[in-house]
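Let me begin by presenting the structure, written as structure tokens, before commenting on it.
The values are calculated or read from the model by the stated rules, or taken from the named source; none is laboratory data. Please read all numbers here as calculations on a predicted model, not as lab measurements. Don't worry about glycine lacking a Cβ; one is built from the backbone with ideal geometry, like all the others, and counts go over all protein chains shown. Note: accessible area is taken over every heavy atom of the protein model, side chains too, but ligands, DNA and RNA are not part of it. Shrake-Rupley method; radii C 1.70, N 1.55, O 1.52, S 1.80 Å.
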Amino acid sequence: MGGGLGGVHAGDNTDNSPTVASGLLLSNGTLSKKELDMARYMPRVISLNKRSEQTFGFYLRVEHGEEGHLVRCLEMGGNAELAGMKDGDRILRVNGTFVDGLPHSEVVELVRSSGSSVLFHVLDEASYKQAKAQGVNLADPHSSPVTNGVSKHVPKPKLCYLVKNNSGYGFSLRSVKGQQGLFMTEVVPGGVADQAGVRVNDRLLEINGDDMDGSTHEQAVEKIKSAGGALMFLLADEETYRHYQSKHKKMGAWLATTKYLPHKPRIAEMTKGSDGYGFLLKEEPKLSGHFIRDIDRRSPADRVGLMDMDRLVAVDGKDVSEFSHEQVVECIRMSGSQCSLLVVDKETDQMYQKGKVSPMLFWEETKSLSSPPSYNEAVTAPAIQRPPSPVQDRDEVLKPKLCKMEKTSAGYGFHLNGLQGVCGQYIKEVVKGGAADRAGLEDDDMVVEVNGVNVEKSIHEEVVGLIRSSGNTLEMLVASRNIYERLTAKGVPITRALLGETSYAQVHTPETREMRQETPPPSQPEEPEQPARSRSSSESSCASDASVDLRF
């Protein structure tokens, strides 16, 4: 991903030549303050993809004395770092929604609800602070067309995908006597249509890729009934319809925004490793297209979230759907050491096929997003539907654990995972029946304190040093990943004060773990000791002081 246009200044032009920044000029050859701000504070657009068991590879935090939603603790070689995120970057938008002024918990929820693919607009720390100091409105649609210094919003029709549930689609269709066109009405709040982005008085242009211009009400209803439980609508609000009517320009799906669609193609930006990209490209019997298969673990393909049976749509922006296998392979070879693939999983592919539209529409829209959508687009986006919070989500149960353990001849019995030189450590491979297991440590617990010292911002080597120097006893304040993320999202510092009165559920020792179990677990045969495994430098397993791999 490319960076923003930083360090652009008007300067003093002794030769009276026009000042240029990002190609924006006023009619008199000079730049307005707004145009300079647009060039200087242009956010970077970063698309991240991940597998279901992966993270995006960074922490989103709010910090005392700092404005904005900060990118912290980037995982070395993780999705975010590979895509170009930097420590201290500020998140401005998530999937087009401006978030700079939103509560942190809402921003976290926006990211979570994005699933395996999310689009960020970020600004580097220095530019963000300078923009804030100068009172720059970062929500401006910087890349909208500019005429005489005035930004113009070009409206777009929208694609909306509806899957019928037990309550139906949640809308009605109306026609107006003496007026051409079919319109949406009686859109049920929270219903299928509402969540898909359908709004009252939207004009119906297409159903499942078929033009509805000139169709009767009865023909449209019959088309909907015969659709088989899923609909792809092309819709336009009044502003959009009038805009294209005034230009005598026909509207079609090729002009539409895909931002309302629930399933998104994924853009995989890869740098070739010593063994290539780490996947095979195959053609499948009875299926049309080119498919990703046999992905190597920890390969470039695996790290960017490519999945088995993803269909390859484009290579470096070139649609390869109709290419032969040999032509696609040659396209990838011609990319050199870096390659950008557009892929779709089965569900996303079926959705686009329903509307008879190519996933390339998503690519073109994403790559043209050098800045956020307009205010009108942002405020009309469908609201995120959040399920009601169950009882266990209440703040009073969001507590860390204080785990005390004594080293045995086998060590403490856990692995400390983290990346060398990067903060953020977590527990892995807790040995059943070992000291850590008896003390209550569990896989994926996030480490907050070691012997009373907060280590959230400590690098891996520092945390390892603290544990080594603890002797034969160790005390760790930890929180499950879920609780850690929820407390962090609320801006709540994780300290021992959250434990309240000491209880067996909160403080674990080898002696008290059995006391807090109401019924003893069934006895299990001892597992034979596993042979030592080679590990990457991202893990710490503590086998000996001479090794990077240390076994606790």
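Do we find that residue 173 is modelled with pLDDT of 90 or more, open to solvent by less than 20 Å² (accessible area, probe 1.4 Å) and in contact with a helix residue (DSSP H, G or I) (Cβ under 7 Å, 6 or more places away or on another chain) in this structure? For residue 173, the condition - modelled with pLDDT of 90 or more, open to solvent by less than 20 Å² (accessible area, probe 1.4 Å) and in contact with a helix residue (DSSP H, G or I) (Cβ under 7 Å, 6 or more places away or on another chain) - is not met.
For the range 249-256, the condition holds for at least one residue, the condition being that it is under 23 Å from residue 322 (Cβ atoms), in a loop (DSSP other than H, G, I, E, B) and out of contact with any Gly (no Cβ under 6 Å at 6 or more places or on another chain). Using the structure shown, decide if residue 137 is within 23 Å of the chain's Cα centre (by Cα) and either surrounded by fewer than 16 Cβ atoms within 10 Å (Cβ to Cβ) or at pLDDT below 85 (or both). The answer is no for residue 137. Do we find a residue being modelled with pLDDT of 90 or more, part of a helix (DSSP H, G or I) and either hydrophobic (A, V, I, L, M, F, W, C) or open to solvent by 90 Å² or more (accessible area, probe 1.4 Å) (or both) anywhere in the range 223-237? So far as the range 223-237 goes, yes, one or more of its residues are modelled with pLDDT of 90 or more, part of a helix (DSSP H, G or I) and either hydrophobic (A, V, I, L, M, F, W, C) or open to solvent by 90 Å² or more (accessible area, probe 1.4 Å) (or both). Could you grab me the full set of residues in the range 283-308 that are modelled with pLDDT under 90 and touching a helix residue (DSSP H, G or I) at 6+ places or on another chain (Cβ under 8 Å)? 283, 303, 304, 305, listed by residue number.
The combined condition, being at pLDDT below 80, surrounded by 15 or more Cβ atoms within 10 Å (Cβ to Cβ) and within 29 Å of residue 100 (Cβ to Cβ), is fulfilled by residue 146. If the condition is being part of a loop (DSSP other than H, G, I, E, B), among the hydrophobic types (A, V, I, L, M, F, W, C) and open to solvent by 30 Å² or more (accessible area, probe 1.4 Å), then the range 274-330 contributes 279, 287, 295, 307, 309, 323. Among the residues of the range 477-492, those identified as surrounded by 13 or more Cβ atoms within 10 Å (Cβ to Cβ) and farther than 12 Å from residue 442 by Cβ are 477, 484, 485, 486, 487, 488, 489, 490, 491.
Scanning the range 405-452 for residues that are farther than 27 Å from residue 59 by Cβ and touching a Ser or Thr at 6+ places or on another chain (Cβ under 6 Å) yields 406, 435.
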